[in-house]
Amino acid sequence: MADFDTLEADRPLLIADGLSKSYGRIAACRDVSFSLYPGEVLAIVGESGSGKSTLLQLLSGQLAASGGQVSYRMRDGVTRDLAALGEAERRLLFRTDWGFVHQDPAQGLRMAVSAGANVGERLMAVGWNHYGRIRESASDWLTRVEIDVARIDDAPRTYSGGMRQRLQIARNLVTGPRLVFMDEPTGGLDVSVQARLLDLLRNLVAELHLAVVIVTHDLAVARLLSHRVMVMKGGRVIETGLTDQVLDDPREPYTQLLVSSILPP
Amino acid sequence: MNAPAYNFAYLDEQTKRMIRRAILKAIAIPGYQVPFASREMPMPYGWGTGGVQVTAAILGPQDVLKVIDQGSDDTTNAISIRKFFAKTAGVATTTSTEEATVIQTRHRIPEASLHANQVLVYQVPIPEPLRFLEPRETETRRMHALAEYGLMHVKLYEDIARFGHIATAYAYPVKVNARYVMDPSPTPKFDNPKMDNCPALQLFGAGREKRIYAIPPHTKVVSLDFEDHPFEPYRFNAPCALCGAENSYLDEIVTDDKGSRMFVCSDTDYCEGRQAAGHHGALSAAPYKDKAQGKAREKANG
């Protein structure tokens with residue numbers, strides 16, 4: 001079993017190869033290549049307009065690339081080109097083996113249905129047909145993301161910003177995904193709530209052995225969560241490496257600027 | 001001057017052909033919503049413009065038409081549509097479920113079991129069962145195409161979470177032929193079991209939303225539910241006050257402002273048939289055979 005696990009961990013989960021995306025003359029993303037391994041957290045940092053979000057959309061198959069390809073190792077162990085997957089397969093992947101945490105929880109949640117149904121939706125989508133078990137699983141996940149189970153029947157629009165974001169995370173993790181994409185998960189939250197959310201995320205990621213691609217402009221988030229960092233500017237990856245190495249000893253002038261732009265508290 | 005002002009059954013032949021093509025496609029793919037070029041009809045949307053177009057397209061000179069609204073043959077909507085086709089198509093009309101060959105209905109399926117030579121035409125306001133959960137038409141179409149129906153259970157989940165049981169009482173979603181999830185129009189869920197393996201052809205027309213869908217005869221129709229909260233048809237726990245029926249769908253009629261109410265069959269033809277056969281309920285006027293109401297009124301007038 002141990003051998004099997006090592007073997008699994010040795011093979012990349014997600015491979016980006018020469019990814020580019022251009023909108024007419026504007027190249028939003030140029031020649032991005034990397035491999036992401038199971039359990040690894042990769043942060044993509046850079047200023048607005050640097051192509052981070054475009055890259056995230058390319059990786060998650062929401063946007064067709066102008067060049068290059070993304071491959072993903074499916075649960076059956078076969079690595080497949082995402083562009084070659086049928087729409088049904090891609091959507092199934094999206095609601096079972098993947099998660100996507102939006103910056104704005106309203107985009108990732110159904111604001112008008114209860115928290116329990118929000119968490120249970122993915123389960124029902126994969127054929128769970130037992131109310132009691134769906135509810136049990138939903139309460140379990142609410143507890144894990146530190147939401148009071150008494151609020152399971154309340155709609156997310158009655159929740160605070162931090163709670164919504166935690167609910168969104170629970171909703172994504174309920175099917176036991178192996179890869180989660182996060183787009184500025186802490187954006188728009190106040191600092192104490194951010195700290196709690198990051199703490200929670202760090203625990204969940206370690207506990208569930210999740211691979212994560214997290215897009216952020218906040219270097220503190222990158223430092224706290226990620227193992228590796230990719231710095232983007234003008235659609236290119238200008239620097240990549242271990243988080244501590246890149247943030248403590250930045251090589252590129254732009255990264256140096258980025259790191260030095262953090263205001264001391 | 002004697003030339004008829006309208007083509008047979010109001011719509012021109014080209015339009016009827018277009019609607020028939022949509023109907024054929026709908027029958028070929030049970031439960032699938034086929035878009036069609038819905039016409040304006042001489043009645044407001046919401047009064048059965050879809051049903052009327054379907055009826056106009058399938059009606060032949062030999063057909064016998066019955067129109068019901070909430071089970072009743074004598075409400076404004078039912079009478080108007082019946083008169084409309086009597087005038088524009090010259091077809092025979094009836095209130096008897098047994099004799100009719102085409103039955104246009106709003107919100108009910110007749111109590112009497114249907115037979116193979118009948119077509120049931122439903123008036124549908126909102127054909128998309130996923131609409132209130134997913135507002136985007138592009139997305140709901142994709143969900144139908146990929147048979148992604150988890151969202152439908154989200155609605156049922158919400159019901160149980162709020163009310164402790166599946167509180168959806170009408171427009172209860174069904175799965176047709178183990179493929180498409182369909183809105184059975186706002187019929188009470190009491191009627192859902194009647195759709196399953198029905199010998200009659202069932203056609204659904206939504207005029208405003210421009211969709212036609214169908215359940216061919218003897219097609220499997222399953223009401224969605226949870227294992228631990230199975231589908232249950234709902235019925236007021238009372239016999240019909242006029243005919244004593246214990247198994248028909250009942251209307252609740254408030255009879256004064258002190259909380260009194262009576263429950264009567266919503267299917268008037270079924271109720272009258274039973275009364276004519278000698279059944280009677282707690283509130284029926286005696287003697288039942290004399291048609292007391294009509295005579296009493298004549299006397300009062302005369």
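The values are calculated or read from the model by the stated rules, or taken from the named source; none is laboratory data. No experiment lies behind these values; they were computed from the predicted model shown. Neighbour counts run over all protein chains shown; Cβ positions are idealised from the backbone, glycine included. Each accessible area value is taken on the protein alone, full model and side chains, heavy atoms only, with ligands, DNA and RNA left out. Shrake-Rupley method; radii C 1.70, N 1.55, O 1.52, S 1.80 Å.
Here are some notes:
- The amide H of A:Ser22, built 1.01 Å from its N in the peptide plane, has A:Ala28, A:Ser66 as neighbours under 5 Å, considering only residues 5 or more places off or on other chains.
- Sorted largest first, extent of chain B alpha carbons per principal axis (Å): 65, 63, 35
- Of all DSSP beta bridges confined to the protein assembly as shown, the antiparallel ones make up roughly 55%.
- Between B and A, accessible area buried - total, square angstrom, nearest 100, 1.4 angstrom probe: 1800 Å²
- Ellipticity at 222 nm from helices only: DSSP H runs of n ≥ 4 in chain B, each -39500 (n - 2.57), divided by the residue count, give -8500 deg cm²/dmol.
- Cβ neighbours within 10 Å from other chains - mean over B:217-230: 2
- Measuring nothing but alpha carbons in the range B:1-44 and taking Rh as the Kirkwood radius, the Rg to Rh ratio lands at 1.10.
- Note on B:Thr255 and B:Arg208: their simple-model spin labels are 3.6 nm apart, each label 7 Å out from Cα toward Cβ.
- Packing order of peptides A:70-76, B:166-172, B:12-18, A:20-26, highest average first: B:166-172, A:70-76, B:12-18, A:20-26 (average count of other Cβ atoms within 10 Å over each peptide's residues).
- Placed amide H near B:Tyr170: partners under 5 Å, 5+ positions off or other chain: B:Lys189
- Using a Förster distance of 56 Å, the FRET efficiency for A:Ser192-B:Tyr45 (Cβ separation, nearest 0.05): 0.60
- Calculated FRET efficiency, A:Arg11 to B:Asp228, Cβ-Cβ distance, R0 = 30 Å: about 0.15 to the nearest 0.05.
- Taking amide H atoms as placed 1.01 Å from N in the peptide plane, the amide H of B:His229 lies under 5 Å from those of A:Tyr131, each 5 or more residues away in sequence or on another chain.
- Long-range tail of P(r) for the range B:98-181 (Cα pairs > 20 Å, %): 50 percent
- Burial ranking of peptide ranges B:182-190, A:172-180 (average Cβ count within 10 Å, highest at the top): B:182-190, A:172-180
- Whole-number Å³ per residue for the convex hull built on Cα positions in the range B:22-146: 130 Å³
- Net charge, A:Leu179 excluded, C-beta distance under 12 Å - Lys, Arg +1, Asp, Glu -1: +1
- Counting DSSP beta bridges with both ends in chain B, the antiparallel % (nearest 5): 60 percent
- Antiparallel DSSP beta bridges within chain A, percent to nearest 5: 55 percent
- Size check on the range B:41-94: the Cα extents along the three principal axes, sorted descending, read 27, 21, 15 Å.
- Relative intensity of the range A:211-265 on a log10 scale, I(q)/I(0) at q = 0.27, 0.30 Å⁻¹, equals -1.26, -1.51, per a Debye sum over C-alpha point scatterers of equal strength in the absence of solvent.
- Virtual spin-label span in nm between A:Arg80 and A:Tyr23, 7 Å along Cα→Cβ: 3.1 nm
- Legend: calculated FRET efficiency, B:His165 to B:Glu246, from the Cβ-Cβ distance at R0 = 22 Å, rounded to 0.05, equals 0.45.
- Pairs of alpha carbons in the range A:161-265 separated by more than 22 Å make up 34% of all such pairs.
- For B:Ile126, solvent-accessible area (1.4 Å; no DNA, RNA or ligand), Å²: 60 Å²
- Of the chymotrypsin sites (Phe, Trp or Tyr not before Pro) in the range B:112-163, those whose Cβ has at most 13 other Cβ within 10 Å and which sit in DSSP loop: B:Phe132
- The protein assembly as shown, Cα convex hull volume normalised per residue, Å³: 217 Å³
- Helices meeting the span-like rule in chain A (full DSSP H runs, Cα extent of at least 30 Å along the helix axis, mean Kyte-Doolittle score of 0.0 or higher) are absent.
- Relative compactness, chain A, computed as alpha-carbon Rg over 2.2 N^0.38 Å: 1.01
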